[in-house]
Amino acid sequence: MDEADSSPSSREVPYRGEEALRGPIMATLHEVYDPEVAMSIVDVGLVYGITAGNGRVDIRMTMTSAACPVADQIIDDIEFQVGQVIPDDWLVEVELCWDPPWTPAMMSERGRRLMGW
């Protein structure tokens with residue numbers, strides 16, 4: 001993903017690729033929860049960008065901290081759930097990154113309301 005397309009947004013996750021997959025992928029990611037805060041990873045602001053094309057879906061994301069004890073579980077959930085809504089022969093790759101670091105400002109408006117902020 002290009003740097004210009006991969007910056008996090010508190011309102012919309014940057015997406016590049018096949019438009020027909022945008023809705024199913026985004027809907028699925030809204031169903032993947034961070035179990036520590038019982039909120040979708042999209043509302044928490046963990047997803048920095050998505051690219052879908054050439055037989056794969058690349059998801060660039062972060063965790064709220066490098067010591068997140070549920071990172072592997074969240075990544076496994078993403079790979080499984082997104083794999084259910086894309087063509088059978090496509091791959092799902094999750095890139096965990098730390099730059100920029102997550103902050104509460106990356107949360108969606110809905111996420112902030114759910115947290116009472």
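Where a number appears in this text, it was derived from the coordinates with a stated rule and is not lab data. Because the structure is predicted, anything quoted here is derived from the model rather than measured. Note: ideal-geometry Cβ built from the backbone for every residue, glycine included; neighbour counts use all protein chains shown.
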Q. FRET efficiency for Q81 and A105, Cβ-Cβ distance as r, R0 = 22 Å, nearest 0.05?
A. 0.25
Q: With runs of 4+ DSSP H residues as the only contributors, calculate the mean residue ellipticity of the chain at 222 nm using -39,500 (n - 2.57) per run, divided by the residue total and rounded to the nearest 500.
A: -8500 deg cm²/dmol
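For the chain, calculate the relative contact order in percent as a whole number, restricting contacts to Cα pairs under 8 Å that are 6 or more residues apart. Walk me through the intermediate numbers first.
Working: 184 pairs, mean separation 36.4, N = 117.
Result for the chain is 31 percent.
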Q | Karplus 3J(HN,Hα) series, Hz, for the range 62-75 with 6.51 cos²θ - 1.76 cosθ + 1.60 (x for Gly, Pro) | A | 9, 10, 5, 7, 5, 9, 4, x, 10, 4, 4, 5, 5, 4
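Counting Lys +1, Arg +1, Asp -1, Glu -1, what net charge surrounds L21 among other residues with beta carbon under 14 Å of its beta carbon? Show your work: numbers first, answer last.
Values: positive: R16, R22, R56; negative: E18, E19, D58, D88, D89.
Net local charge, L21 excluded: -2.
How big is the dipole moment of the chain about its Cα centre under a simple scheme where the beta carbon of each Lys and Arg is +1, that of each Asp and Glu is -1, and everything else is neutral? Debye, nearest 20, please.
On the way: 8 positive and 21 negative charges, 108 e Å.
Roughly 520 debye for the chain.
Give me the Kirkwood hydrodynamic radius of the chain, using the inverse of the mean 1/r over all pairs of distinct Cα atoms, in Å to one decimal.
Values: mean 1/r = 0.0706 Å⁻¹.
Averaging 1/r across every pair of different Cα atoms and inverting gives 14.2 Å.
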Q. Using Cα atoms only, what is the angle between the long axis of helix 19-29 and the major principal axis of the chain, expressed in degrees (0 to 90) to the nearest 10?
A. 40
